[in-house]
1. Between LEU288 and ALA156, what is the label-to-label distance in nm when each label sits 7 Å out along the Cα-to-Cβ direction?
2. Per residue, how large is the accessible surface of the stretch 66-179? Use a 1.4 angstrom probe and give square angstrom.
3. Which of the three applies to the stretch 431-513, rounded, prolate or oblate, going by the alpha-carbon gyration tensor with a ≥ b ≥ c and a/c under 1.5 meaning rounded?
4. Step through the table entries LYS146/LYS315; LYS88/LYS315; LYS88/LYS437; LYS261/LYS437; LYS375/LYS541, compare each Cα-Cα distance with 25 Å, and write down the pairs that go over it.
5. At most 11 other Cβ atoms within 10 Å and a DSSP loop assignment: could you name the trypsin sites (Lys or Arg not before Pro) in the stretch 111-185 that fit?
6. Could you calculate the FRET efficiency of ASN495 with TYR306 from 1/(1 + (r/R0)^6), where r is the beta carbon distance between them and R0 is 45 Å, rounded to 0.05?
7. Pop out the ³J(HN,Hα) list for the stretch 441-456 in order, Karplus 6.51 cos²θ - 1.76 cosθ + 1.60 with θ = phi - 60°, rounded to Hz; leave Gly and Pro as x.
8. Quick one: Cα centre-to-centre distance for the stretch 85-159 and the stretch 475-527, in angstrom?
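The values are calculated or read from the model by the stated rules, or taken from the named source; none is laboratory data. The shown structure was predicted, so the numbers you read here are calculated from the model rather than taken from an experiment. Here the Cβ positions follow ideal geometry from the backbone for every residue, glycine too, while neighbour counts run over all protein chains shown. Side chains included, ligands, DNA and RNA excluded: accessible areas come from the protein's heavy atoms. Shrake-Rupley method; radii C 1.70, N 1.55, O 1.52, S 1.80 Å.
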Amino acid sequence: MEESGGGAGVDNPAFQIEDVNHYNITSSSDIKPIGQEKSKISQRDNNGNKLAYTVTDVPPWYLCIFLGIQHYLTALGGIVAIPLILSKDLCLTYDPLTQSHLISTIFFVSGICTLLQVLFGVRLPILQGGTFTFLTPTLAMLSLPKWRCPEWTQNANLVNATSPEFVNVWQSRLREVQGAIMVASCFQILVGFSGLIGFLMRFIGPLTIAPTITLIALPLFHSAGNDAGTHWGISIMTTFFIILFSQYLRNIPLLIPYYSKSSRKWQYSRTYVFQIFPVLLGISISWLICYILTITNVFPSKPETYGYFARTDVKGDVLARAPWFRFPYPGQWGLPTVSLEGVFGILAGVISSMVESVGDYHACARLSGAPPPPKHAINRGIGIEGIGCLLAGAWGTGNGTTSYSENVGALGITRVGSRMVIITGGVLMLLLGVFSKIGAVFATIPTPVIGGMFLVMFGVIAAVGMSNLQYADMNSSRNIFIVGFSIFCGLSIPNWVNNNAQRLETGIVQLDQIILVLLTTGMFVGGSLGFFLDNTIPGTKEERGIAAWNEVNGEADEKCCDVEDVYDLPFGIGTKFCTCSWLQYIPFCPKPRKLSFVDQENNHRNSFIETNH
């Protein structure tokens, strides 16, 4: 998949789909689109191949369900990874039941946000899910002295998951994260619905985005190494399977049998399973091997012995203890609390997430047969993502939401760009978020399997950040200095501050905490330096990469006949209520439509009949 300039590919990054010519159906003629001949959208994509279904087409219900499940499974790896990463700093290492509740909650909220985005936001077929850009500032906030986990919470023999003391420990931290996300999301809502995103994009280029995204992943090497180190054999095996599927076998199809009603016989379709589900397959196989080695007692049974955490029964009865159904609700962990240091840290993640999403919108439009998104759709999409982050904070996922680039890659493979498929996927995520046994299953993944996944996933995130430099002139000594200096400072300054926090004390506790969070958040340090240097050191737009970036993310021609069909508001809102001329000054409203001569005649005739009646 061609990368967009917005850093598309950070969230759930596990492997960009490069070859979009792969079909998972025998041919588009095997499926008869409903109303396809009436579609007003030109069926086009980067390679000139016709799509089976474009944005406004509605496939048969059974195909919507199948493809919705596929989109859900594609995003599964990244969505599950976020609560697992946060669990240690939330003091939940030995409380898998609560981990499963967090996983179910993030599923549920992702479903809500997906429906909001597709129906009222940018209106493209793009999935919403947890964002890695919030992880680094969240972990920085939880590393403050007052939020560090007590030693006894890291000892399985001392943790009683049902005791009021332990519950208060993790809930107080989660409520603090909730409050920071909710307040910071208001900034994203303001930037989106006010149209400020266009103004900000003028100053943010590849030399700002590259160090920011790269520094999301690089500081997490400690977490990945610790988890993988619980059993290097299992973690290396997991990494091996993921790399094998995503890199070596991605272009090898599997023959899947299906029954064709037209020919009344069984036929075979070529499905690129390894390309679509490399993370899910890698984790599942390693997980199964761990289970076999556990029941055969190959792994040690004593917690203090190396390799114990590779057992699948470490988190024991969580699956049995988890209820079949649990309905997540806002404030389920208590009333959120707010601190300035947390809000400032999360703001760095919000800005990065917004810029990524703009790139995802353009990539999604290209692969779904839609024209480039106009300004009002982008503004609305960013605003709705802000509302999604607000809801994620209120529900207590410990994270926000953003657009998923893996979903964009799946569009290129299936050749199905219908937003009805994504709506189906969103409903599915809602249902599985309520079905809490699913979350419990993922909470039992052995620690070294998770570590092996992190080794690949965090590496890909860092590489995706660096890939934004393709737009800039990296033969320029100016650009080399900005990128190198920003990334190196984004690693060295947080490391020094973590070891010498007392030297930055001002005597004002709140100010000290804000300074600590910001200076220990590598993406904030590196991104701020990149932004400042790129906008102050003289350089042409071509040298900085701004010109190439703007060309890739070219603005839509709002006079294009099919822009309104894709990006108009649903349920007749755009045609019935957005008709006043003054609405053109509202940044998130579609431009008022000018009625054709025939429509004007019909309106005059109807009004005449009503008057006479």
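1. 2.5 nm
2. Details: 3010 Å² over 114 residues.
For the stretch 66-179, the per-residue accessible area is 26 Å².
3. Numbers: a/c = 2.66, a/b = 1.30, b/c = 2.05.
Oblate, because a/c is 1.5 or more while a/b does not exceed b/c.
4. Working: LYS146/LYS315 28 Å; LYS88/LYS315 14 Å; LYS88/LYS437 21 Å; LYS261/LYS437 37 Å; LYS375/LYS541 22 Å.
Result: LYS146/LYS315; LYS261/LYS437 exceed 25 Å.
5. Qualifying residues, ordered by number: none.
6. Numbers: r = 28 Å, r/R0 = 0.62.
For ASN495 and TYR306, the calculated efficiency is 0.95.
7. With coefficients 6.51, -1.76 and 1.60, one gets 4, 6, 6, 8, 4, x, 4, x, 5, 4, x, x, 5, 4, 4, 7 Hz.
8. Result: 24 Å between the Cα centres.
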